Amino acid sequence: MNPYLTIATRAARLAGRVILRNLPRLERIKVERKGHNDFVTAVDREAERVIVDTLAGAYPQHGFLAEESGASGDGGEWRWVIDPLDGTTNFIHGYPQFAVSIALQRRGKIAAAVVLDPLRDEIFTAARGEGAYRNDRRLRVSRALTLEQSLIATGFPHSAGAHLEEFLALMRALLPRCHSLRRAGAAALDMAHVASGQLDGFWEMGLQPWDMAAGALLVEEAGGRLADFDGSENFLNTGSVVCGTPEVFQQLLTVIQNARDG
Ligand code: 2AM
Ligand code: CA
């Protein structure tokens, strides 16, 4: 295995253990509000600490961008982008859809990715040019050629108001066209499921880089395509992402762009 993935996998599994250990005692976990519908718990922080400690132990010269502790280290060309608990809202309700997400960037380009689903014990990994895997099996996006044969996932806009009208216009356009829409609440897992062919496409706006950096490489290495809403590769900066099988991606992007123009 790619050496970066070996360490990142170890870090993700340690964080997964922290998360699972705390799941039976949710009612005793204090939830803090960072912003509107934006929560953090001691579990997010502890999981992040074990990840950063593990990665920094192996790569003391690398930089970090982590959801709870922000930017640290002078990384030169290497930077780890970490979401210790993607789907915190689900976690605090005990809703079984959350993940650990770890990506490694080299000069801003995503080089390696790990998404761990601790409840299903599924670990999704990818290294650039080396393919995407779930546990030991190589992944390939689904064969869906059209929206009409697709199951598409999305996430609701977080900042109330800002993206809501645009989002509703998109739902209105897509719901009658595809098999159905899903909203499970952990972007990293949604993207991992596009990579594994369990979803055919996904879009969301207002995301942070740590929500999607690892998922993005999984999708690409599984043969899918992804972009920002304007079709560029700038999604980590703009926070809007659309992805899917090559064909579904293209059709989804067209619907998104038409809904925005309309
Ligand atoms: P989180 O649980 O790590 O915050 C679901 O729509 C996705 O959006 C999840 O990946 C979730 O990640 C993220 N998310 C939740 N609240 C958010 C907020 N206020 N701003 C940006 N992303 C958010
Ligand atoms: Ca998080």
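The values are calculated or read from the model by the stated rules, or taken from the named source; none is laboratory data. This is a predicted model, so every value here is computed, not measured. Because the Cβ atoms are built from the backbone with ideal geometry, glycine has one as well, and the counts that use them run over all protein chains shown. When the accessible area is computed, the model is the full protein with side chains, heavy atoms only, and any ligands, DNA or RNA have been set aside. Shrake-Rupley method; radii C 1.70, N 1.55, O 1.52, S 1.80 Å.
Is it the case that Asp190 is within 16 Å of ligand 2 (Cβ to nearest atom), free of Cβ contacts under 8 Å to residues at least 40 places away in the same chain and among the charged types (D, E, K, R)? So Asp190 passes the test. Taking the listed residues Val114, Val100, Val40, the one that is within 16 Å of the chain's Cα centre (by Cα), of a type in the set (A, V, I, L, M, F, W, C) and either within 13 Å of ligand 1 (Cβ to nearest atom) or modelled with pLDDT under 95 (or both) is Val100, with no other qualifying. In this entry, Leu104 is excluded by the filter for residues that are open to solvent by 50 Å² or more (accessible area, probe 1.4 Å), more than 16 Å from ligand 2 (Cβ to nearest atom) and among the aliphatic types (A, V, I, L, M). Within segment 140-157, the set of residues being open to solvent by 40 Å² or more (accessible area, probe 1.4 Å) and aliphatic (A, V, I, L, M) comprises Leu145, Leu151.
Considering each residue of segment 83-121, count those that are in a strand (DSSP E or B) and touching a residue at least 60 places away in the same chain (Cβ under 8 Å), and give that number.
Final tally of qualifying residues: 19.
Exactly one residue out of Val255, Val248, Val241 is closer than 24 Å to Thr89 by Cβ and either open to solvent by less than 40 Å² (accessible area, probe 1.4 Å) or within 12 Å of ligand 1 (Cβ to nearest atom) (or both): that is Val241.
Looking across Arg128, Arg120, Arg137, one residue alone is closer than 28 Å to Gly70 by Cβ, open to solvent by 10 Å² or more (accessible area, probe 1.4 Å) and modelled with pLDDT of 95 or more. It is Arg128.
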